[in-house]
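Q: The structure's right below; bear with me while I get my questions together.
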Amino acid sequence: MPVVVVTDSSSCLTPDLAGRFGIRVVPLHVLSGGHDYREGVDDIPGDLTGVTTSGASPGELADAYAAALADSDGDGVVAIHLSRQLSGTWDAGRQAAAGLGDRVRVVDSASTGMGLGYPALAAARTARAGGDLDAVYRRAVDVAEHGRTLIVVDRLDHLRRGGRIGTAAALLGTALAMKPVLHLVDGKLVLREKTRTSTKALAKLVDAVVEQVGDEPTAVAVHHLHARDRADAVAAQLEARIPELTELVVTEIGSVLGVHLGPGTIGVVTCPDGESTADSSTAPH
C-alpha cells in the first residue's frame, strides 16, 4: 500500500480534496464557553470573539498515525503540520511518532494554510505514484521549503492577544491602527513593511508576491476571513501580473487561524513548480 500522508486542519484542505488524495486531516481545537470544538468536525460558533485555540494532542496524533500506518501496510506515514513557531502540534507529533518506530516521519512546514496544504498534496502525489517513505518525506520538505506566505490583517489586536505576532510586536509598538504586511520567516510571523491603509497594504502584498514569483511556474492560493470581495480583487491582480500562473484558488481560512488573524484578513501562499490542488489523473493536459 502507498505511504499515507497526515496533516492538520490548519492546512485549509477541504474534506473532498483531502479525500481525493487520501490525506488524513487531524482537527485542531477551538475553545469557547467551556466547550472544545474540533475544527472540521464540529459546528463552531461564528463569533470568534474571546475564544482560544489549542493544537492536536500527542494522543490524538498517535491514534491518527497508528491508523495511517496500519492502512499503509507498514509502508509508512509522513505527517506534515503547521509551523512549530505557531503551534505545539508539531512537537506533539514528534512525541506521538516516537512511540511508533521509524516508519513515521514528521515535517515542520514552517507555514500554515496552503503553505501546509501544498506540501501535503505534493507528498500524497508522490505516494500515489509509488514513492517510498524517503521520497514522500523529501517531497514534502522540498515543497514546504520553497513556499512563501504573506498576510495582511485588518486589525492587530487578534495577533497580539494570541501572542502570534513575534518580532513584529516590538516594531509596531502600540500602533494598532497600522496596516502591516506580514510574512512567515523560518516559521515565525514577522513584519515585512508598514502601511497606513488597507488599500496600500494590499497593494504592497500584491507587489511582494509578484516580485517573489518572478517568471517561475507557480500555484497561488489567496486566503481570507469574511473578506471575499477583497480576496477576489487581490486574486484578479495576481492573475493579471504573474506570467506563469499554474493555478489560482481563493479559499476562506478556518476557525483556528481566524481566531488569531481576525476578520478582514487576506493571505497569499505561493508554491513554485506549479504544484496544485488538481487531481493529475483527471486534470486536463
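The values are calculated or read from the model by the stated rules, or taken from the named source; none is laboratory data. None of these values were measured; they are calculated from a predicted model. Ideal geometry is used to build each Cβ from the backbone, glycine not excepted, and the neighbour counts take in all protein chains shown. Heads up: the accessible areas ignore ligands, DNA and RNA and are worked out on the full protein's heavy atoms, side chains in. Shrake-Rupley method; radii C 1.70, N 1.55, O 1.52, S 1.80 Å.
Q: Would you calculate the separation in nanometres between label points at L31 and D73, each defined as 7 Å from the Cα along the Cα-to-beta-carbon direction?
A: Label at L31, label at D73, 4.3 nm between them.
Q: How much net charge surrounds G254 when only other residues with a Cβ under 14 Å from its Cβ are counted (Lys, Arg +1; Asp, Glu -1)?
A: -4
Q: Additional query: With a/c under 1.5 counting as rounded, go ahead and sort the chain into rounded, prolate or oblate using the C-alpha gyration tensor (a ≥ b ≥ c being the square roots of the eigenvalues; past the cut-off, prolate if a/b is larger than b/c, else oblate).
A: oblate
Q: At a Förster distance of 41 Å, what's the computed FRET efficiency of D43 paired with D215, Cβ-Cβ distance as r, to 0.05?
A: Computed FRET efficiency for D43 and D215: 0.40.
Q: For the chain, what is the calculated [θ] at 222 nm in deg cm²/dmol (nearest 500), taking -39500 (n - 2.57) for each run of four or more DSSP H residues and dividing by its residue count?
A: Using -39500 (n - 2.57) per qualifying helix, the result is -11500 deg cm²/dmol.
Q: Working from Cα positions, state the angle (0 to 90°, nearest 10) between the long axis of helix 114-128 and the longest principal axis of the chain.
A: 20
Q: How large is the dipole of region 1-79 about the Cα centre if only Lys and Arg carry +1 and Asp and Glu carry -1, each at its Cβ, rounded to the nearest 20 debye?
A: The dipole magnitude comes to about 140 debye.
Q: Between D157 and A240, what is the FRET efficiency for a Förster distance of 41 Å, r being their Cβ-Cβ separation, to the nearest 0.05?
A: 0.75
Q: Which of the lysines could a cross-linker span from K188 if the Cα-Cα distance has to be under 19 Å and same-chain partners fewer than 8 positions apart are dropped?
A: Counting by Cα, and skipping residues close in sequence, K188 has these lysines nearby: K179.
Q: Considering the dipole of region 102-147 built from charges on the beta carbon (Lys and Arg +1, Asp and Glu -1) around the Cα centre, which of A110, A140, A124 is farthest to its positive end?
A: Of the options given, the answer is A124.
Q: Enumerate the amide H contacts of S72 below 5 Å, restricted to partners 5 or more residues apart or on another chain; note that Pro and chain-start residues carry no placed amide H.
A: Excluding prolines and chain starts, which carry no amide H, there are no hits.
Q: Along the charge dipole of the chain, which of Q85, V269, T7 sits closest to the positive end, that is, farthest toward it, with unit charges on the beta carbon of Lys, Arg, Asp and Glu (+1, +1, -1, -1)?
A: Q85
Q: Roughly how many Å² of H29 are accessible to a 1.4 Å probe, to the nearest 10?
A: 10
Q: Okay, moving on. If one takes the longest principal axis of the Cα atoms in the chain, at what angle in degrees, from 0 to 90 and to the nearest 10, does the Cα axis of helix 228-241 lie?
A: 80
Q: Quick one: angle between helix 198-213 and the longest Cα principal axis of the chain, in degrees between 0 and 90, rounded to 10, please.
A: 50
Q: Can you give the FRET efficiency for T14 and R196, using 1/(1 + (r/R0)^6), R0 = 25 Å, r = Cβ-Cβ distance, to the nearest 0.05?
A: 0.10
Q: What does the accessible area of E239 come to, in Å² to the nearest 10, when a probe of 1.4 Å is used?
A: In the full protein context, E239 sits at about 120 Å².
Q: Taking the Cα centroid of region 55-74 and of region 237-267, what is the distance between the two, rounded to the nearest whole Å?
A: 30
Q: Figure the gain on full extension for D273 and H146 (residue separation times 0.36 nm, minus the Cα-Cα span) and round it to one decimal in nm.
A: Net length gain for the segment: 44.8 nm.
Q: S57 versus E252, label points 7 Å from Cα toward the beta carbon: distance in nm?
A: About 3.0 nm separates the two model spin labels.
Q: For the chain, give the magnitude of the charge dipole about the Cα centre (Cβ charges: +1 Lys/Arg, -1 Asp/Glu; no others), in debye to the nearest 20.
A: Magnitude of the dipole: close to 1000 debye.
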